[in-house]
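The values are calculated or read from the model by the stated rules, or taken from the named source; none is laboratory data. A quick note: this is a predicted structure, and the numbers were derived from the prediction, not measured. So basically every Cβ, Gly included, is an ideal-geometry build from the backbone, and we count neighbours across all protein chains shown. The accessibility values were calculated without ligands, DNA or RNA, using every heavy atom of the protein model including side chains. Shrake-Rupley method; radii C 1.70, N 1.55, O 1.52, S 1.80 Å.
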Amino acid sequence: MREVLEEDLKQIRELNDNFLNLGKVTTVKRLGGMTNHTYAVEIEGKKYLFRLPGEGTEELINRKDEKVSSELASRIGVDTELIYFDAETGVKIASYIEGAVTMSPQSMRETKNLQEAAGIFRTLHTCGQDTKVPFEVFEMAEGYEKIILAHNVELFPDYKDVRKAVMNVKREMDLYPSGKVPCHNDPLCENWVSGTERMYLVDWEYAGMNDSMWDLADLSIEAGYGAGEDELLLEFYFEGRVEREERLRFYANKIYLDFLWSLWGKTRVPYDGDAMEQYAAVRYRR
């Protein structure tokens, strides 16, 4: 279990006093997460989730945009109740999910969980809302390139060639334009939480308007799906027949995903060191 940081504990108590004011903080438990400090906090017998942003995230995350998407997710029921969100600092307080179990690649390969995830994606993607929050993959990639260079982190030796190949894929896929819908954009297994009654999709830092196939492709990569599980995911999501164009978009988004997140990993190297170098290298090789 990760250690509860003293400065975080102080901030949690101040947040409770200033915004919840529900009584004495009784227990604080540090949860997982790659960049943020997240805690399960019990106050007078009731549990809450406190998310304190990690160092350097202000370079990568627009918290005002995250707030918009978090509010939508709470409103349509794909995430838990949002209690407080500071768009300036990124501090978030939400209802704790009772019986919460953080999902894993193994559990997300179970058919019932795969089917439930497809339904949650469908609820999100068909909600009919335009959050006005952009998720422009290739603009983000350029932004990450600038951050990497600014921090004197080395790019991959053959990056120019690989980048050119990815852009060739993009040019081909531009022949099959798709509308943009609200997407989570980072549905790794740890962002799925199973409660006593149902599953939730949490952490909306990268949410925005995107091709719906990005979310499905992301889950497939993160859960280590094979061809059979990919087929199930697509069939559950589309509730039957899957068109050729939809499959093309699904597989193209797998390429875009590893391209973008390998660069994201490089931006985290100054803060998280070799672990992020390795993360970026795995994404890039795939």
Within segment 211-220, the count of residues that are touching a residue at least 60 places away in the same chain (Cβ under 8 Å) and open to solvent by 10 Å² or more (accessible area, probe 1.4 Å) comes to 1
Does Ala207 fit the bill of being under 19 Å from Gln115 (Cβ atoms) and either modelled with pLDDT of 95 or more or of a type outside the set (D, E, K, R) (or both)? no
Apart from one, (1) out of contact with any Leu (no Cβ under 7 Å at 6 or more places or on another chain); (2) open to solvent by 20 Å² or more (accessible area, probe 1.4 Å) all hold for Leu72; the odd one out is (2)
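To keep it simple, each residue is scored yes or no on (1) in a strand (DSSP E or B); (2) of a type in the set (A, V, I, L, M); (3) modelled with pLDDT of 85 or more.
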| position | (1), (2), (3) |
| --- | --- |
| Arg13 | no, no, yes |
| Phe19 | no, no, no |
| Thr27 | yes, no, yes |
| Gly33 | no, no, no |
Within the bounds of segment 80-92, is there any residue that is more than 20 Å from Asn16 (Cβ to Cβ) and in contact with a helix residue (DSSP H, G or I) (Cβ under 6 Å, 6 or more places away or on another chain)? no
Log entry, pairs with first residue in segment 223-246 being more than 19 Å from Asn191 (Cα to Cα) and open to solvent by 30 Å² or more (accessible area, probe 1.4 Å), second being assigned to a helix (DSSP H, G or I) and aromatic (Phe, Trp, Tyr), beta carbons closer than 8 Å, six or more apart or on different chains, reads Glu246/Phe238
Picking from Lys47, Lys92, Lys29, the residue that is open to solvent by less than 40 Å² (accessible area, probe 1.4 Å) and among the charged types (D, E, K, R) would be Lys92
Residues in segment 255-281 that are open to solvent by less than 40 Å² (accessible area, probe 1.4 Å) and either of a type in the set (A, V, I, L, M, F, W, C) or in a helix (DSSP H, G or I) (or both) total 16
